[in-house]
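> First, the structure itself, so that you have it in front of you.
The values are calculated or read from the model by the stated rules, or taken from the named source; none is laboratory data. Since this is a predicted model, take the numbers as computed values, not measurements. Here the Cβ positions follow ideal geometry from the backbone for every residue, glycine too, while neighbour counts run over all protein chains shown. The area values use the complete protein model at the heavy-atom level, side chains included, leaving out ligands, DNA and RNA. Shrake-Rupley method; radii C 1.70, N 1.55, O 1.52, S 1.80 Å.
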Amino acid sequence: MWEKVWNHEKIAYGGDYNPEQWPEDTWEEDMRLLKLAHVDILTLNVFSWAALQPSEEEYRFEKLDKIMELARKHKMKVCLATSSAAHPAWMAKKYPEILRTDFTGMKLKFGARHNSCPNSLIYRKYSVRLAEKLAERYKDYDHLVAWHISNEYGGECYCENCEKAFRVWLKKRYKTLDELNRAWNTSFWGHTFYEWDEIVLPNQRSEHLGEDQTAAQTISIDYRRFNSDSIMDCFCLEYDAVKKYTPDIPVTTNLMGAYKALDYHKWGEKMDFISWDNYPSNEDSFSKTAMNHDLMRGVGKGKPFVLMEQTPSQQNWQPFNALKRPGVMRLWSYQAVAHGSDAVMFFQMKRSIGSCEKYHGAIISHAGHENTRVFREVQELGAELDKLGGEILGSTGTAQTALMFDWENWWAVEYSAGPSVSLKYHDEVLRYYTALHTQNIPVDIVGEDDDLSQYKLVIAPVLYMTRPGVDVRIREFVEGGGTFLTTFFSGYVDENDLVIIGGYPGKLRDILGIWVEETDALPDTKKNSFIYGGQNYSAQLLCDIMHLEGAEALAEYQEDFYAGTPVVTCNKFAKGNAYYVGTRSEQAFYEKLIKEICEKQQIKPAADAPSGVEAVERFRGKEHYLFLLNHSEENKQVSVPVAGTDLLTGNIYQNDECLTLTAKGVAVLKWTEE
Ligand code: GLA
Ligand code: ZN
């Protein structure tokens, strides 16, 4: 369905445009400039609720009609937003219930955006009504190619409405208070509940000392599940509203990468295509950005995937809003495409003159003309994407390796009181991702509930919460010949954060062939060490002290009272292998271990590229597209692994021939299977 309506002649190019913030007589000049930049899609109407609905019963669409006509006249496709990410001031005044209450318990007033209580019936009623009116009005505009519901959903609300809704959500999950008391382990600290309305939301006024410090982990995890579901319900209600009138137009909302508050694996199921906003700082590693792309593509499980926003140059909300250096915008755009995106889109088309985003990068600067560095770079990339045409679109990745990243697990790990405040889930997963990525091993990112059968290698760092079924899938995967790797702090608890007794790592114990008796937490300044493959590596953060129960020790601690006990192990289990890394080490160790595992399992990199060069492949049928992305500051030579044509230059390369990438340069090598 998506293929039919999305612009499938070429990679879509454009983004957020807010002409309603400008006098109408400036619009034609904007169009001239955007056309000159090869823009072909506009995201419209993102923050227009107050303009569209000036009062309870009054709607005004005249201006939006004109904007839609403007887009049509200039043959721009439209990704139409529903405007529900910022409610009108009159609504907040008349119905204070739509305002959020924050983590400290403070009731908020009107202001900013992304500020509506997701459980307010008034918010839901009016946001859905607006979405429906928009769909009814614009259903026949043939240039409407996608719906963009709200904008960057997120945050939390702790109001009384949410508290009531939480109890309803809990009744659905647990059915009885007895079951809830069991799941929440309420016999601890005298928490037994006898009536549903004794239950309150976990925040700073109840269970929490700080955001991550809670006295009752299960209540806090359930709140996160509930909050993510509540906000997702708002998305689904608007989704249904627009589908009534435009069943064939695909619907998305712009996600935010590794954003903790929303369980995007669940959200991905509800969206027609996945879109996300990529705002790395210049200091972020290119592996971190790549992981975000793979994570976002992964939540769609094969659904189309697009880069909805990036800045053409600088941001405005970082402490230091560095410019994107020449060539970097192009490089990062191709990085998104390499990881699966079928669009390159920006926030924003034109800088506003007032409020907090007036210094945020845009295609049209405050100078108002095309003679700027940023404009020229955008224009050049636009021309290049025009030339690429329909190549690449709809092609998919080639991963034989899956990396597990799971939101509920994330929440559970970071709510845990002990063993270490320095344990951050995303950081630990990123270490493994980076080890794979710097060797150009293609990766899919999956959740705990996903099928693993198509992979050769599955890596699940810090798999602390093992929800029902995940151990079964891992067991089947390894029994069938797969290679599994997990780490310290895995297999401890069930879906209710209740410890699986009988010894760590719980249900993974026999698969891994070890028993972890104790775990030492090292302060950030302290290290242990081990020797692996003749090299000395550090052991940091957590050190598991374990017994072998069938596994072989690949390395042992060198210091402290547990010197000589195993730290890295491998267990042969049925036809497969299960590795366990009982500590955090350094990047060089992860790279070495993963290289060895991949070589053994014949998992090949997309290309053998020098450091600083990212190689990623997409394919469709027999056609392959190998992206070579030089993130470094120097020219790099890559030996081409297969004969093909660089689609960006037209140069033809023979097998093993040397391709030179300039600093920040890109090549897209197309080759066809015999
Ligand atoms: C987000 C929002 C946009 C804009 C940009 C600025 O991605 O969706 O509306 O605020 O940030 O970076
Ligand atoms: Zn609320």
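> Quick check on region 283-303. Is at least one of its residues touching a residue at least 60 places away in the same chain (Cβ under 8 Å), closer than 30 Å to A322 by Cβ, out of contact with any strand residue (DSSP E or B) (no Cβ under 7 Å at 6 or more places or on another chain) and open to solvent by 30 Å² or more (accessible area, probe 1.4 Å)?
yes
> Okay, next question. Considering every residue within region 598-606, establish whether at least one is β-branched (V, I, T) and closer than 30 Å to S490 by Cβ.
Yes, there is a match, as at least one residue in region 598-606 is β-branched (V, I, T) and closer than 30 Å to S490 by Cβ.
> Further, regarding this structure: Taking the criterion of being open to solvent by less than 10 Å² (accessible area, probe 1.4 Å), of a type in the set (A, V, I, L, M) and either out of contact with any helix residue (DSSP H, G or I) (no Cβ under 7 Å at 6 or more places or on another chain) or at pLDDT 95 or above (or both), would at least one residue in region 1-10 satisfy it?
Looking for residues that are open to solvent by less than 10 Å² (accessible area, probe 1.4 Å), of a type in the set (A, V, I, L, M) and either out of contact with any helix residue (DSSP H, G or I) (no Cβ under 7 Å at 6 or more places or on another chain) or at pLDDT 95 or above (or both), one finds none in region 1-10, hence no.
> Being at pLDDT below 95, at negative phi and more than 16 Å from ligand 2 (Cβ to nearest atom) is true for just one of P319, P326. Which residue is that?
P319
> Mind telling me which of the residues A539, A555, A588 ends up being without any contact (Cβ under 8 Å) to a residue 60 or more places away in the chain and either of a type in the set (K, R) or part of a helix (DSSP H, G or I) (or both)?
Result: A588 is the single residue among A539, A555, A588 that is without any contact (Cβ under 8 Å) to a residue 60 or more places away in the chain and either of a type in the set (K, R) or part of a helix (DSSP H, G or I) (or both).
> Right, something else. Give region 112-130 a look and list any residue that's of a type in the set (A, V, I, L, M, F, W, C) and either within 9 Å of ligand 2 (Cβ to nearest atom) or in contact with a Cys (Cβ under 7 Å, 6 or more places away or on another chain) (or both), or say none.
The answer is C117, and nothing else.
> On to the next question. I'd like the residue in region 304-327 that is under 21 Å from the mean Cα position of the chain (by Cα) and more than 13 Å from ligand 1 (Cβ to nearest atom) and, out of all such residues, is surrounded by the most Cβ atoms within 10 Å (Cβ to Cβ).
V306
> Identify, please: which residue in region 422-449 is polar (S, T, N, Q) and under 11 Å from E614 (Cα atoms) and is, among those, most open to solvent (accessible area, probe 1.4 Å)?
T438
> Among what's in region 153-167 and is more than 9 Å from ligand 2 (Cβ to nearest atom) and open to solvent by 30 Å² or more (accessible area, probe 1.4 Å), pick the residue that is farthest from A85 (Cα to Cα).
Selected residue: R167.
> Determine, yes or no, whether A51 is out of contact with any Leu (no Cβ under 6 Å at 6 or more places or on another chain) and either at pLDDT below 95 or part of a helix (DSSP H, G or I) (or both).
yes
> Has region 336-346 got any residue that is surrounded by 23 or more Cβ atoms within 10 Å (Cβ to Cβ) and of a type in the set (S, T, Y)?
Yes, region 336-346 contains a residue that is surrounded by 23 or more Cβ atoms within 10 Å (Cβ to Cβ) and of a type in the set (S, T, Y).
> Suppose we filter region 645-667 for residues that are in a loop (DSSP other than H, G, I, E, B) and acidic (D, E); how many remain?
2
Here is a yes/no grid of residues against (1) of a type in the set (K, R); (2) in contact (Cβ under 8 Å) with a residue 40 or more places away in the chain:
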position: K133; (1), (2): yes, yes
position: W169; (1), (2): no, yes
position: S187; (1), (2): no, no
position: H191; (1), (2): no, no
position: D197; (1), (2): no, no
position: A215; (1), (2): no, no
position: F226; (1), (2): no, yes
position: D229; (1), (2): no, yes
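> For region 129-147, does any single residue satisfy the condition of being away from ligand 1 (no atom under 16 Å from the Cβ), surrounded by 17 or more Cβ atoms within 10 Å (Cβ to Cβ), more than 22 Å from I41 (Cα to Cα) and of a type in the set (F, W, Y)?
no
> Given the criterion within 16 Å of ligand 1 (Cβ to nearest atom), surrounded by fewer than 21 Cβ atoms within 10 Å (Cβ to Cβ) and not charged (D, E, K, R), identify the matching residue among A92, A86, A81.
A86
> Right, something else. Restricting the search to region 168-205, which residues are on the phi > 0 side of the Ramachandran plot, in a loop (DSSP other than H, G, I, E, B) and either surrounded by 15 or more Cβ atoms within 10 Å (Cβ to Cβ) or not basic (K, R) (or both)?
Selection gives N185 alone.
> Still on this model: Taking K139 as the residue in question, decide whether it is more than 16 Å from ligand 2 (Cβ to nearest atom) and closer than 18 Å to A51 by Cα.
no
> Find the residue count for region 227-260, including only residues that are more than 30 Å from R325 (Cα to Cα), within 16 Å of ligand 1 (Cβ to nearest atom), of a type outside the set (S, T, N, Q) and out of contact with any Lys or Arg (no Cβ under 7 Å at 6 or more places or on another chain).
1
> Applying the selection to region 324-370, what residues are more than 22 Å from A290 (Cβ to Cβ) and hydrophobic (A, V, I, L, M, F, W, C)?
M349, I353, C356, A362, I363, I364, A367
> Does region 478-490 contain at least one residue that is open to solvent by 20 Å² or more (accessible area, probe 1.4 Å), over 27 Å from A290 (Cβ atoms) and outside any helix (DSSP H, G or I)?
Yes - at least one qualifying residue is present in region 478-490.
> Go through region 491-520 and report how many residues are exposed (fewer than 15 other Cβ atoms within 10 Å of the Cβ) and among the aliphatic types (A, V, I, L, M).
Matching residues across region 491-520 total 2.
> What are the pairs with Cβ atoms under 8 angstrom where one residue, in region 9-29, is among the basic types (K, R) and the other, located anywhere, is open to solvent by 50 Å² or more (accessible area, probe 1.4 Å)? Sequence gap at least six, or different chains.
Correct list of pairs: K10/D386.
> Follow-up question, since we're still on this one. If you check I652 against the conditions, is it touching a strand residue (DSSP E or B) at 6+ places or on another chain (Cβ under 8 Å) and open to solvent by 60 Å² or more (accessible area, probe 1.4 Å)?
yes
> While we're looking at this one, here's another question. Just checking, does region 249-262 include any residue being part of a helix (DSSP H, G or I) and either under 19 Å from C79 (Cα atoms) or among the hydrophobic types (A, V, I, L, M, F, W, C) (or both)?
So far as region 249-262 goes, no, none of its residues is part of a helix (DSSP H, G or I) and either under 19 Å from C79 (Cα atoms) or among the hydrophobic types (A, V, I, L, M, F, W, C) (or both).
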